[in-house]
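Read-outs: derived from the displayed coordinates by stated rules, not from any lab. Because the structure is predicted, anything quoted here is derived from the model rather than measured. With ideal geometry, Cβ positions are generated from the backbone for all residues, glycine too; neighbour counts draw on all protein chains shown.
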Amino acid sequence: MIEMIKVGRSYLPDIQALTDISFAVATGEMFFLIGRSGAGKTTLLKLICNMETPTNGLIEVAGYNINKLKGKKLAFLRQKIGVAYQDFKLLSDRTVAENIAISMEVSYKKPQAINQRVRDLLDQLQLVNKHDTLTCELSRGEQQRVTLARSVANSPRLILVDEPTGNLDASTTERVMELLTRSNKAGATIVIATHDESIYRGSNKRVMELRDGKIHSLARSNH
């Protein structure tokens with residue numbers, strides 16, 4: 001699903017955010033990206049979904065060189081990618097339900113199917129009573145869950161999640177991971193950037209650690 005070959009990303013004047021990153025994520029894999037703040041995790045996710053372009057190297061997503069795609073082809077691929085941003089990027093003047101529905105409306109799903117999917121997701125994340133609440137009136141933890149619901153709503157092939165549990169307690173974290181696991185079992189490839197060791201410890205999933213923009217280690221979490 002994802003292949004990176006010798007990818008680097010630098011910013012002016014002389015910040016090297018990522019250096020010589022090469023790895024691949026299999027279709028249907030749940031993959032964890034760890035490292036301290038500033039290690040390059042968010043930059044890496046932005047490169048995968050083409051929000052930023054690499055300074056050098058090759059990135060392929062679903063078999064496409066993502067930086068060469070234009071127009072309709074790029075728009076089509078982007079519809080297949082769900083992203084839960086660390087800064088949420090919710091529309092603050094819209095309701096929770098409207099925010100989650102947006103990703104499905106762009107692919108012309110029927111209103112009835114959209115409404116049902118929104119309700120199911122809110123139920124799974126214990127947000128049913130927030131259906132008609134404006135997102136600007138939610139707590140950070142609630143906004144985080146809405147962001148996550150929106151990222152999986154349209155059943156994308158690839159889901160990128162940046163710090164999904166940063167503002168959540170243990171039981172809500174469990175619900176969030178259940179939701180992501182369900183999407184993964186339904187066939188989605190999932191990449192999760194996280195500080196939270198509890199969500200991958202003992203999972204036997206692959207974990208890649210970044211340090212100072214370089215790959216420090218890549219191994220299965222089986223301890």
Taking the square root of 5λ for each eigenvalue of the C-alpha gyration tensor of the range 166-223, the equivalent ellipsoid has semi-axes, largest first and in whole angstrom, of 21, 15, 11
Would you please give the FRET efficiency between Lys214 and Lys70, computed as 1/(1 + (r/R0)^6) with r the Cβ-Cβ distance and R0 = 35 Å, to the nearest 0.05?
0.70
Computed over the chain, the relative contact order (Cα-Cα under 8 Å, seq sep at least six) in percent reads 28 percent
Surpassing 18 Å at the alpha-carbon level, of the pairs Lys80/Lys109; Lys46/Lys214; Lys46/Lys185; Lys6/Lys46; Lys6/Lys41, are Lys46/Lys185
If you take every DSSP beta bridge fully contained in the chain, what fraction is antiparallel? Give it as a percent rounded to 5.
55 percent
When you take every Cα atom in the range 24-108, what is the radius of gyration, and what is Dmax, the widest Cα pair distance, in Å?
14.7, 40
Which loop-located chymotrypsin sites (Phe, Trp or Tyr not before Pro) does the range 57-136 contain, where loop means any DSSP state but H, G, I, E or B and the Cβ has at most 15 other Cβ atoms within 10 Å?
Tyr108
So how far apart, in nm, are the two label points at Ile15 and Ala62 if each is 7 Å from Cα heading toward Cβ?
3.1 nm
In the range 1-95, the trypsin sites (Lys or Arg not before Pro) that fall in loop regions by DSSP, at most 13 other Cβ within 10 Å:
Arg36, Lys68, Lys70, Lys89
Potential extension, Ser221-Glu197 segment - 0.36 nm per residue separation minus Cα distance
7.7 nm
Can you work out the FRET efficiency for the pair Asp123 and Glu29, with r the C-beta to C-beta distance and R0 = 25 Å, to the nearest 0.05?
0.35
On a C-alpha basis, how far is the centre of the range 100-168 from the centre of the range 4-54 in Å? Whole number, if you could?
25 Å
Is the shape of the range 43-93 best called rounded, prolate or oblate, per the rule: a/c under 1.5 gives rounded, else a/b larger than b/c gives prolate, else oblate, with a ≥ b ≥ c the square roots of the Cα gyration tensor eigenvalues?
oblate
May I ask for the equivalent-ellipsoid semi-axes of the chain, computed as the square root of five times each C-alpha gyration tensor eigenvalue and listed largest first in whole Å?
28, 20, 16
